[in-house]
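In what follows, a single structure is set out as structure tokens and then discussed.
The values are calculated or read from the model by the stated rules, or taken from the named source; none is laboratory data. Remember, it's a predicted structure, so these values are computed and weren't measured experimentally. Don't worry about glycine lacking a Cβ; one is built from the backbone with ideal geometry, like all the others, and counts go over all protein chains shown. SASA here: full protein model, heavy atoms, side chains in, ligands and nucleic acids out. Shrake-Rupley method; radii C 1.70, N 1.55, O 1.52, S 1.80 Å.
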Amino acid sequence: MNNDNHCNCHAHHHEHDHDHGTHHHEPMKSRYEQAFERFDLHLHDEIVQEEVKTLISRNLDENRNDEALRFLLGAIELTSLKVTDSEDSILQMVERVNRYVNDNPTLPHPAGICVYPRFVSVVSNSLEVEDMEVSTVCGGFPSAQTFPELKTVETALAVKDGATEIDTVMPVGYFLVGDYDTVYNEIDETKLACGQDTPLKVILETGALQTAVNVKKAAILAIYSGADYIKTSTGKVEPGATPAAVYTMCRTIKEYYEQTGTQIGIKVAGGVRTVEDALKYYTIVKEVLGDEWLDNRLFRIGASGLANAILGEIIGKKAEVF
């Protein structure tokens, strides 16, 4: 994915900082208001629910096929974010993946492994699959309620240890009270700590945002602050991912793409447990964003048990591989 695109956004915010002419009587619009004005924010939750329900009922059946299942298996980030994780348990997870890829050269393998920062070096040093990502959750996950300095240090240390992707949580409390400057600055600093080559996924925690308008504004703000992907949830707040939230995020990504030509990725995480759930999200992404997003560099699912369920469907028997 082209990571240079965000610099344009930053430049394109700062143009507005010189506009303080004395002839204006109305207060200046902030750069965030200017960004929000480029998007359709006339969203009604009931209508969004209806639209996504119709989209799924109309298109889901045609996606119940081997091609979709194989794509989904290759889009999963195997995730272990438990209090009880240890170097041993993470190493065992990685070894299961190594064994699976060795034994099944014709089957897709997951897109990556997502762990807490302290286990990045374990994954990085033991994963034998060239084209799998090492993801980690940084910045005071899952609440993001820590010092901004620690967020950037944690991110930089994770990258140094071999993380190839960083997932961070938007500071939702600041977002909800309208302190967009703090939200922007924290994400922007985290992106700088990632460096140009390490994609940043920003978790919106859609279950805490509650309305489609909030989800859309948070998505816009995350993208303008430097997100390469926007992600639904931490998996620690209920509800996790929902079809309505993913639909709203996809529509935002699409509008942004139409305005800028830049593709932002989407990661669905938080309670995605069944093959049926995964197929619903696949259907939403395919219908809203189109086939160009059916690429595991742009569409991910974060889950722990899902890979076995999808593999079982593909091979036609119960799978306990991952």
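Mind giving me the FRET efficiency for ARG118 and LEU176? R0 is 22 Å, r the Cβ-Cβ distance, nearest 0.05 is fine.
Efficiency, rounded to the nearest 0.05: 0.15.
Give the average over all directions of the projected area of the C-alpha convex hull of the chain, one decimal, in nm².
Over all viewing directions, the chain projects a mean Cα-hull area of 16.7 nm².
Do the sum for the chain: with -39,500 (n - 2.57) for every DSSP H run of n ≥ 4, divided by all residues, what is the mean residue ellipticity at 222 nm, to the nearest 500 deg cm²/dmol?
Using -39500 (n - 2.57) per qualifying helix, the result is -15000 deg cm²/dmol.
Using the heavy atoms of the protein chains alone and a 1.4 angstrom probe, what is the accessible area of the chain per residue in square angstrom?
46
Quick one: with all protein chains in place, what share of the accessible area of the range 224-263 is carbon or sulfur, to the nearest percent (1.4 Å probe)?
Percent of accessible area from carbon and sulfur atoms in the range 224-263: 46.
Cut-off 10 angstrom, C-alpha nodes, Gaussian network model of the chain. Which of ILE166, ILE220, ILE56 fluctuates the most?
Ranking ILE166, ILE220, ILE56 by mean-square fluctuation puts ILE56 first.
Which of GLY240, THR262, GLY173 sits farthest toward the positive end of the charge dipole of the chain, with +1 on the Cβ of Lys and Arg and -1 on the Cβ of Asp and Glu?
Of the candidates, GLY240 comes out farthest on the positive side.
Could you check the simple spin-label distance between THR84 and ASP295, using points 7 Å along Cα→Cβ, in nm with one decimal?
A separation of 4.0 nm, rounded to one decimal place.
FRET efficiency for LEU41 and ASP66, Cβ-Cβ distance as r, R0 = 45 Å, nearest 0.05?
0.70
Please list the three semi-axes, largest first and in whole Å, of the ellipsoid equivalent to the range 84-192, using sqrt of 5 times the eigenvalues of its alpha carbon gyration tensor.
31, 13, 12
Under 15 Å from a label point 7 Å along Cα→Cβ of ASN104: give me every residue in the range 294-312 with its amide N that close.
Residues passing the 15 Å test: 304-312.
Could you calculate the contour length gain from GLN259 to GLU95, that is, 0.36 nm times the residue separation minus the distance between their Cα atoms, to one decimal place in nm?
54.7 nm
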